[in-house]
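**Student:** Before I ask anything, here is the structure I am working with.
Where a number appears in this text, it was derived from the coordinates with a stated rule and is not lab data. Predicted, not measured: the structure shown is a model, and the values here were computed from it. Neighbour counts are summed over all protein chains in view; Cβ atoms, including those assigned to glycine, are modelled from backbone coordinates with ideal geometry.
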Amino acid sequence: MRIDIPEGAEPIPYVWGDMVPRIGQAATEFSLSVYAHTTLGLREFEAARLRVAQINGCVFCLDWRTERDGVTVEEGFPDAVTQWRTTDRFDERTRLAAEYAERYTLDHHNLDDAFWERMTAHYSQAEIVELSMSIGSWLAFGRLNHVLGLDSVCVLQPSPGS
């Protein structure tokens, strides 16, 4: 870990809350609102979230599973996300969510007209904005946690809304 955490303190609440309370509180509210207020289906939400986690390498994010009304994605879903191009386990919305997350994270300058034609055929404009904000949240905060080494020492808490 690259940040000194006082004995007995939980790393993420300490770094996000105690060290930078105003910024950390805003970041926490944004991060939690992605889960609490999403209109996206669980599978496309998790496909995008997991693809960002895989690229970021955030241990905490890779272990996390979003839960809605006691439901999570099925066993093996993370492997399907890795293979989003070829898996037969995804419908087109889920495949596009994984693709968008990957391209947004690694190659956002090359989101071409052909990609946007496919996206707008399967997602409303509001869903695209929501997915974009969600991916931005996961990219920023997953990287922050990984870069500072917080991701390997955090304890999983119940998912928001569970």
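**Student:** Can you tell me which of 44-51, 30-37, 4-11 comes out highest on packing, and rank the rest after it, using the mean Cβ neighbours within 10 Å? Display every interim value, and only then the final one.
**Tutor:** Details: 44-51: 26.0, 30-37: 14.8, 4-11: 11.4.
Ranked by mean Cβ neighbours within 10 Å, highest first: 44-51, 30-37, 4-11.
**Student:** Taking θ = phi - 60°, what integer Hz values does the Karplus form 6.51 cos²θ - 1.76 cosθ + 1.60 yield along segment 119-134, in sequence order, with x for Gly and Pro?
**Tutor:** 4, 6, 6, 10, 10, 6, 4, 4, 5, 5, 5, 4, 4, 4, 5, 5
**Student:** Using a 10 Å cut-off on Cβ atoms, rank the peptides 89-95, 73-79 from the highest mean neighbour count down. Walk me through the numbers on the way to the answer.
**Tutor:** On the way: 89-95: 17.7, 73-79: 13.4.
Going by the mean number of other Cβ atoms within 10 Å, highest first, we get 89-95, 73-79.
**Student:** Given (i) 2, 8, 16, 17, 16, 11, 7, 6, 5, 5, 4, 3, 2, 0; (ii) 1, 9, 17, 22, 20, 14, 9, 5, 2, 1, 0; (iii) 1, 9, 16, 17, 15, 13, 12, 9, 5, 2, 0, which label gives P(r) over Cα pairs in 5 Å bins from 0, in percent as computed from the coordinates?
**Tutor:** (ii)
**Student:** Same structure, new question: Order these peptides, 52-64, 102-114, by their mean beta-carbon neighbour count within 10 angstrom, highest first. Present the calculation step by step, with values, prior to reporting the outcome.
**Tutor:** Values: 52-64: 19.6, 102-114: 12.2.
Final packing ranking: 52-64, 102-114.
**Student:** Give me the net charge of Gln83's neighbourhood, meaning all other residues with Cβ under 14 Å from the Cβ of Gln83; Lys, Arg count +1, Asp, Glu -1. Write out the running numbers ahead of the final one.
**Tutor:** Values: positive: Arg51, Arg85, Arg89, Arg95; negative: Asp79, Asp88, Glu99, Glu102.
It works out to a net charge of 0.
**Student:** Shifting gears a bit: Please list, by residue number, everything in segment 30-58 whose backbone N is under 13 Å from a paramagnetic label point 7 Å out along Cα→Cβ of Thr82.
**Tutor:** Backbone N within reach: 51, 54-55, 57.
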